[in-house]
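Reading through the structure tokens given below for one structure.
Derivation of every value follows stated rules applied to the coordinates shown; laboratory data play no part. This structure is a prediction, so every number in the text was calculated from the model and none was measured. Positions of Cβ are backbone-derived with ideal geometry, glycine not excepted, and every protein chain shown enters the neighbour counts.
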Amino acid sequence: MKFFIFAVILFSICFSYGEENVYSISMLGQEIGTSSEKWSVIQHKDGRCFIKLETNSEMKIMRGPSSMEVSSKSSVFVECNTFKPVSIQTESREPGSSTEGKAVVKENVFSGEIIRGNNRENVSYKMGEGLTFFSMILRKYSPEQLAKGFSKTVISEESLNKVNVTVSGKKLEDHYLINVNYSGIPIDFKIKNGTVVRSDLQNGLISYRLVKSSNLKGEPDVPDRKNKPEIKTDILELASKRNRGINIKDPRRAKTATFSFKGENIPDILSNCYQKVRDIPGGRLVEVDLGKVPCGKGTVEDVHLLPNIFEDSNSPEIIKVAQRIMKKGKNRDDLIERTVSFVFRHIKDKNYNHGNLSASETLKKRAGDCTEHSTLLSALLKAMKIPVKMVYGVVLDPEGRFFFHNWNEVYTDKGWIVVDSTFGMKKSDSARIALVYGGGDSANREEVALTVIRFLANNIEISVEGFSYE
């Protein structure tokens, strides 16, 4: 499964206009990129006044033996004084793909779309009183107001949807320390002389540090960047967790498995017909029994059949392949098995070189990791009118490490089954824990990213407590 920087962390500067600032971006103390922002005020002759924020971020991330360069930029307009949104344009680029977002406010309705190739996702809702972009929170309110604390709804620059935030803070000797809880993710901002000089997401998982500012003299709180060696940060290694319990030599053969999660602030874990979760002292116990599948008969929703900008089952190329597979299938079970086999064989170049490719992009490039496998399988099955879910969770490898991973649940005549096309498995093993389902729209994709961050940074330990083989 992909792990990307949480792109909605846009750093706001208070009080002064015409500012330009540059930040270094680090993950667990290792530098991976830079982010710049430019604030300006546009004063029209008719008296209208707008604030414009332009941001640009570039990062280089190591994923196993591969490196991946990702970038994003945005342009946000709001009204002066009220900070009411006027418009937004965003663009993010990953190897092999890009995604654009744009929206405007007209007649008090926020309307926009997220565009990926030929695929589009619409976003529309009425503006609430005081609603603004997340990047404007630290400008709209003074450090004194922020420190007093409040809860607000803001617009995410990442998903263009509304998100709840809670703000609190305190004044220290020469700066303010402001905490913003973004949908369960804590972000700490250090504000000095009206400028954010440091920001830490989830206790330092991701950090931004000011390295250049047109508003401040000198470079306060800036690390020594001279002759600094390049550090290669392997996201896969950072995102993995060592099994603290019983060793499973062949996890792909596990019929049942029991896991314990220990630590503070353990996020919610999925409970379904084959995965049971219960609280224990100091954590949670998760029991997985894929011997129970098929199960959960009758629980099919529209999202399990509809296309989206990644699972583009309405793509002509996807439909053509799906029809070819259907001609050979004897029944639904046979179609599912044939599609799993097709995806496993079709993706020849199994690597970490790409960002999140859509199903049609994966079909063309024949490359990718677990995300591409699961996305292509989902789109093909949806094109056959077979309900399917994207599952995001962790899987145990033979070396005793838990890695974030994608797989699928597919609906048969008898209920849901679990398949993993990355491993070519038409019946998955139980050495895995489902954390969250993908829902298809931008708000859900953002929630999936938040779920990964919650599990990564809370010092959670996962242990195998027991298992059985087939």
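Quick notes on this one:
- Per-residue Cβ neighbour rank within 10 angstrom, fewest leading, PHE110, PHE344: PHE344, PHE110
- The angle between the Cα long axis of helix 370-383 and the main principal axis of the chain comes to about 70°, on a 0 to 90 degree scale.
- Centroid-to-centroid separation of segment 154-211 and segment 246-304 [C-alpha atoms, Å]: 33 Å
- For the pair ASP349 and LYS52, the difference between a 0.36 nm per residue extended length and the Cα-Cα distance amounts to 102.6 nm.
- Length added when fully stretched, SER67-LYS45, from 0.36 nm per residue minus Cα-Cα: 3.0 nm
- Cα→Cβ-extended label distance, 7 Å offset, between GLN145 and ASP174, nm: 2.7 nm
- Geometric extent, Cα atoms of segment 20-234 - Rg, Dmax (angstrom): 18.0, 57
- Subtracting the Cα-Cα distance of SER75 and ASN314 from their residue separation scaled by 0.36 nm leaves 82.9 nm.
- Taking every alpha-carbon pair within segment 162-219, the share separated by more than 18 Å comes to 38 percent.
- Hydrodynamic radius (Kirkwood) for the chain, which is based on Cα pairs only, to one decimal in Å: 23.7 Å
- Over the chain, relative contact order from alpha-carbon pairs under 8 Å, at least 6 apart, %: 16 percent
- A simple spin-label model places the labels of GLU470 and LEU285 2.8 nm from each other, with each point 7 Å out along Cα-to-Cβ.
- For LYS255, the lysines whose Cα comes closer than 25 Å to its Cα, not counting residues fewer than 8 places off in the same chain, are LYS241, LYS276, LYS292, LYS297, LYS389, LYS414, LYS426, LYS427.
- Between the beta carbons of CYS273 and GLN323, assuming R0 = 30 Å, the FRET efficiency works out to 0.45 to the nearest 0.05.
- Acute angle (nearest 10 degrees) that the helix 316-328 long axis makes with the longest principal axis of the chain, alpha-carbon atoms: 10 degrees
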